[in-house]
Amino acid sequence: MDVDISQSTVAGTAQAPPSKSYTHRAILAAGYADSATVRDPLVSADTEATMAAVEAYGGTVDRHGATLTIRGFDGRPDVPGDVIDCANSGTTMRLVTATAALADGVTVLTGDDSLRSRPQGALLDAIEQLDGRAESTRGNGQAPLVVKGPIDGGSVSIPGDVSSQYITALLMAGAMTDDGVTIDLETELKSAPYVDITVEVLDAFGVEAESTADGFEVPGGQTYDPAGGEYAVPGDFSSMSYLLAAGALAAPDELTVTSAHPSAQGDSAIVDVLERMGADIDWDRDAGEITVRQSTLSGVEVSVADTPDLLPTIAVLGAVADGDTRIVDCEHVRYKETDRVSAMAEELGAMGANLTEQQDTLTIHGGDTELSSAVVDGRGDHRIVMSLAIAGLVADGETTVGGAEHVDVSFPNFFDVLESIGADVRRD
């Protein structure tokens, strides 16, 4: 699907969707439990893949409005009767690959073309260290994957600079082993706030996990059991970043974004980034509301070591800001649904931006940039689509974003929300 966005101003109030990161973890945590209710989840293509995996392992997921009632497999996953298809969801594949290591038999996991190109080797090696069997059918560390358990726990050594999702997967499954799991990090942990999210969700489900001098550990023999049998998902700052950027670029009369309650989400750093760039922004943390107004922005240097999903948003802000915006520590952002560093360099370049791309740095020369209409490709990546749509709000003329349907992955009603706050959006 193509979407056309014309230069527009926005105003009013917009609600961010629930957090995808928390929803994935809450669904799987409920699967590890005997039963649990997940309130206010994000229901999207990615999280539906995690629901399907829970059912493949013997649980059931029933949706009633804004509530999921999940009967779990109580820490003892069945051997699936078919291949688990994780679709385009890297989070699903990594989290439920560790679940497969608990099953007494062989599990096969796969996904779409994009997911089958993403690295899984370090997680497979960790499962092997725990005396499970874990391999890539093509021998390249990528899906399809074959995993055989059950594992009893133990110690693993794993790099921390490829994906924090490996750590999350091992912590969540490790609580269900007899002996627990100790994780020693071989390299500095990237995207560390996502592990903080995991520990926060585990705590809400009554599971103990903690950091150590060398990494993390989770005792075995634990039980997933949230207080009152329920867990409520907070709003998503990754998705919120597009709305806040829209306000900073195109809301002369201010835009208020709701469901912005503080949490462990690293992507709440977008508020700090906007403040550093000079945005007129105010966060009422008690009310969970952020108000932002169109502002003159200046370029800054931003590390995305812990916030890889913010790179597309920051790149768009940098294209409009005065001076240079340098996004550093971004090599790991190349291993998402697409190579987001190159994708933003090429697509913003098609809109008239002047950028310099290096392996670990993307520099946007805002002073030399005038965004104008273009036909751009969302690269099958929800975050590329949404960021380019925000660029379209301030580009001269009409911007056409291809593959716009991929917003279903994390923000299914994104374009409805944009229209509701005044954006000129037309869908084919």
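Counting only strands (runs of 3 or more DSSP E) that fall entirely inside the range 210-283 and contain at least 3 residues that are modelled with pLDDT of 95 or more and within 28 Å of I167 (Cβ to Cβ), the qualifying elements are 215-218. Only residues that are touching an Asp or Glu at 6+ places or on another chain (Cβ under 6 Å), surrounded by fewer than 24 Cβ atoms within 10 Å (Cβ to Cβ), not hydroxyl-bearing (S, T, Y) and not in a loop (DSSP other than H, G, I, E, B): list them for the range 288-324, please. Selection gives R293 alone.
Residue selection: R118 satisfies the criterion of being farther than 23 Å from D178 by Cα, within 16 Å of the chain's Cα centre (by Cα) and in the same structural domain as P150 (by TED's automatic domain parsing). For the range 153-170, filtering for residues that are assigned to a loop (DSSP other than H, G, I, E, B) and either polar (S, T, N, Q) or touching a residue at least 40 places away in the same chain (Cβ under 8 Å) (or both) leaves 5.
Checked against the criteria, V79 counts as part of a loop (DSSP other than H, G, I, E, B) and hydrophobic (A, V, I, L, M, F, W, C).
Out of everything in the range 216-238 that is farther than 15 Å from F205 by Cα and acidic (D, E), what residue ends up being surrounded by the fewest Cβ atoms within 10 Å (Cβ to Cβ)? Only one residue fits best here, namely E217.
Yes/no per residue for (1) touching a residue at least 24 places away in the same chain (Cβ under 8 Å); (2) of a type outside the set (V, I, T); (3) within 30 Å of H382 (Cα to Cα); (4) in the same structural domain as L393 (by TED's automatic domain parsing):
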{"site": "M172", "(1), (2), (3), (4)": "yes, yes, yes, no"}
{"site": "T177", "(1), (2), (3), (4)": "yes, no, no, no"}
{"site": "V195", "(1), (2), (3), (4)": "yes, no, yes, no"}
{"site": "E200", "(1), (2), (3), (4)": "yes, yes, yes, no"}
{"site": "F205", "(1), (2), (3), (4)": "yes, yes, yes, no"}
{"site": "T212", "(1), (2), (3), (4)": "yes, no, no, no"}
{"site": "E230", "(1), (2), (3), (4)": "yes, yes, yes, no"}
{"site": "Y242", "(1), (2), (3), (4)": "yes, yes, yes, yes"}
{"site": "G247", "(1), (2), (3), (4)": "yes, yes, yes, yes"}
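Which of the residues belonging to the range 77-93 are under 19 Å from M176 (Cβ atoms) and either buried (at least 24 other Cβ atoms within 10 Å of the Cβ) or free of Cβ contacts under 8 Å to residues at least 60 places away in the same chain (or both)? Selection gives P77, D78, V79, P80, I84, T92, M93.
The values are calculated or read from the model by the stated rules, or taken from the named source; none is laboratory data. The structure displayed is predicted, hence computed values, not measured ones. Quick reminder, even Gly has a Cβ in these numbers, built from the backbone with ideal geometry, and neighbours come from all protein chains shown.
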